[in-house]
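Data first, discussion second: the structure below is written as structure tokens.
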Amino acid sequence: MTQRIITGVVAGAVFLGLAIMGGKPFHILVGLLTIIAMSELFKMRKLEILSFEGILATVAALALALPTTQYFPKLGTDSHFTLFTLCLFIMMGVMVFTKGNYSFEDLGFPFLSAFYIGIGFQNLLAAQQSSLFILFLALFIVWSTDSGAYFIGRKFGKTKLIPSVSPNKTVEGSLGGIACAIVVAVLMVFLYPNKAPDINLFKLIILVAIFSIVGQLGDLVESSLKRHFGVKDSGKILPGHGGILDRFDSLIFVFPIMHLLGLF
């Protein structure tokens, strides 16, 4: 537990510090997180990240995640998806020359992984560029959901949520996590009314409940992946916490939904 707390404090301080700083330092951090997350997925699948498909899929994920229009303005406003598509087409072209050893189905895992990781971190970066309050709101919704679900689940949990995917999660814990997220979000809006989005309290509660549920879904999706590939953690880079995907699985789902619902 001590190791987990120390890792959480240090990693959180680095992430939040660079998020507040913004600019290229934060872009570099997001790029590193994208590369590590891709390597964790490939390792779970027992594929080499330094293979041709691994490198190309990682480049595709980086193309989605990073602000390519800022660094390569001549590529146009839709350069994220143009570069992603280019990487995909290159891999499809290579498939032609493998004499059936690399099929269309084989493309699915690397490029679905690239889309999953790339879109998640793209929206994280977009939230940071739009409003630090929104970034912090997402972080605190996810963190309070996790903490509330854990402690309330341990105290009152009786009904298993989805035991085939995550045997320790309970319905009571899930509802407790949603309630905690709502309380934390309302407190944030109350303490920083000038920075909060201009929405009424009822709508805020509904949105936070949605984000909390989506965050839990993101966590369950990663649990399902780990169970499918027979691994306990996505990686070991964060002592006591596991891998990057173990820490960002919920946020990868939450940020795109926040964007979809117009918070940034």
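Computed values, structure above
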item	result
Counted residues, region 6-37 - those being within 16 Å of the chain's Cα centre (by Cα), closer than 19 Å to Phe136 by Cα and of a type in the set (Val, Ile, Thr)	1
Count of residues meeting criterion [modelled with pLDDT under 95 and of a type in the set (Val, Ile, Thr)] in region 91-136	3
Selection from region 112-151 of residues that are among the polar types (S, T, N, Q) and crowded, with 18+ Cβ neighbours inside 10 Å	Ser113, Gln122, Asn123, Gln128, Ser144, Thr145
Only one of Phe81, Phe109, Phe52 that is of a type in the set (Phe, Trp, Tyr), open to solvent by 30 Å² or more (accessible area, probe 1.4 Å) and over 30 Å from Phe211 (Cα atoms)	Phe52
Some residue of region 88-100 being open to solvent by less than 40 Å² (accessible area, probe 1.4 Å), closer than 25 Å to His259 by Cβ and in contact with a Leu (Cβ under 6 Å, 6 or more places away or on another chain)	no
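Listed here are the residues, each with its yes/no results for (1) part of a loop (DSSP other than H, G, I, E, B); (2) in contact with a strand residue (DSSP E or B) (Cβ under 9 Å, 6 or more places away or on another chain); (3) touching a residue at least 12 places away in the same chain (Cβ under 8 Å); (4) of a type in the set (A, V, I, L, M).
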| position | (1), (2), (3), (4) |
| --- | --- |
| Phe42 | no, no, yes, no |
| Gly54 | no, no, yes, no |
| Thr58 | no, no, yes, no |
| Ala63 | no, no, yes, yes |
| Thr69 | no, no, no, no |
| His80 | no, no, yes, no |
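The values are calculated or read from the model by the stated rules, or taken from the named source; none is laboratory data. Computed from a predicted structure; not experimentally measured. Don't worry about glycine lacking a Cβ; one is built from the backbone with ideal geometry, like all the others, and counts go over all protein chains shown. Ligands, DNA and RNA are excluded from the accessible area calculation, which covers all protein heavy atoms including side chains. Shrake-Rupley method; radii C 1.70, N 1.55, O 1.52, S 1.80 Å.
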